[in-house]
1. When segment 83-97 is examined, which residues are found to be touching a strand residue (DSSP E or B) at 6+ places or on another chain (Cβ under 6 Å) and without any contact (Cβ under 8 Å) to a residue 24 or more places away in the chain?
2. Would you confirm, using the coordinates I've provided, whether residue 35 is surrounded by fewer than 18 Cβ atoms within 10 Å (Cβ to Cβ) and in contact with a helix residue (DSSP H, G or I) (Cβ under 8 Å, 6 or more places away or on another chain)?
3. Which numbered condition in (1) within 16 Å of the chain's Cα centre (by Cα); (2) within 14 Å of the ligand (Cβ to nearest atom); (3) surrounded by 15 or more Cβ atoms within 10 Å (Cβ to Cβ); (4) modelled with pLDDT under 95 is the only one that residue 48 fails?
4. Working carefully through the options 86, 105, find the one that is modelled with pLDDT of 95 or more and farther than 21 Å from residue 22 by Cα.
5. Look at segment 62-106 and say how many of its residues are within 13 Å of the ligand (Cβ to nearest atom) and either in a loop (DSSP other than H, G, I, E, B) or surrounded by fewer than 16 Cβ atoms within 10 Å (Cβ to Cβ) (or both).
Ligand SMILES: [Zn+2]
């Protein structure tokens with residue numbers, strides 16, 4: 001999966017006509033929960049940054065999940081995954097431990113009828 005910021009969602013996933021994505025981040029009580037949504041007016045961003053302020057490098061790779069769904073022509077997926085990041089100093093020179101933030105996501109895709117069937 002490319003991380004080139006010049007590549008747009010529509011270029012990577014031309015077969016998607018409509019999409020709705022909801023991502024919620026639910027960590028320990030010290031991380032306040034956040035919820036974000038994307039759709040065709042605001043295409044999903046590739047990497048959803050972890051909202052835990054002491055987890056500088058954690059993220060959810062949304063495009064990778066969507067890519068797997070597209071490969072299998074899946075239209076709906078709901079799942080949760082732990083943040084792969086670590087808590088530590090801003091550049092992670094010191095690491096305190098695994099980030100305990102949890103991403104839960106719900107994705108709905110409508111595919112274009114005229115595309116590659
Ligand atoms: Zn994190």
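The values are calculated or read from the model by the stated rules, or taken from the named source; none is laboratory data. Fair warning: this is a prediction, and the values are worked out from it, not measured in the lab. Positions of Cβ are backbone-derived with ideal geometry, glycine not excepted, and every protein chain shown enters the neighbour counts.
1. If the condition is that a residue be touching a strand residue (DSSP E or B) at 6+ places or on another chain (Cβ under 6 Å) and without any contact (Cβ under 8 Å) to a residue 24 or more places away in the chain, then 94, 95, 97 are the ones that fit.
2. Numbers: surrounded by fewer than 18 Cβ atoms within 10 Å (Cβ to Cβ): yes; in contact with a helix residue (DSSP H, G or I) (Cβ under 8 Å, 6 or more places away or on another chain): no.
So residue 35 fails the test.
3. Among (1) within 16 Å of the chain's Cα centre (by Cα); (2) within 14 Å of the ligand (Cβ to nearest atom); (3) surrounded by 15 or more Cβ atoms within 10 Å (Cβ to Cβ); (4) modelled with pLDDT under 95, the lone unmet condition for residue 48 is (4).
4. Values: 105 fails: farther than 21 Å from residue 22 by Cα.
Answer to the selection: 86.
5. First pass over segment 62-106, keeping only residues within 13 Å of the ligand (Cβ to nearest atom): 81-88, 92, 95-103.
Subset that is either in a loop (DSSP other than H, G, I, E, B) or surrounded by fewer than 16 Cβ atoms within 10 Å (Cβ to Cβ) (or both): 81-85, 92, 95-101.
Counting residues in segment 62-106 that are within 13 Å of the ligand (Cβ to nearest atom) and either in a loop (DSSP other than H, G, I, E, B) or surrounded by fewer than 16 Cβ atoms within 10 Å (Cβ to Cβ) (or both) gives 13.
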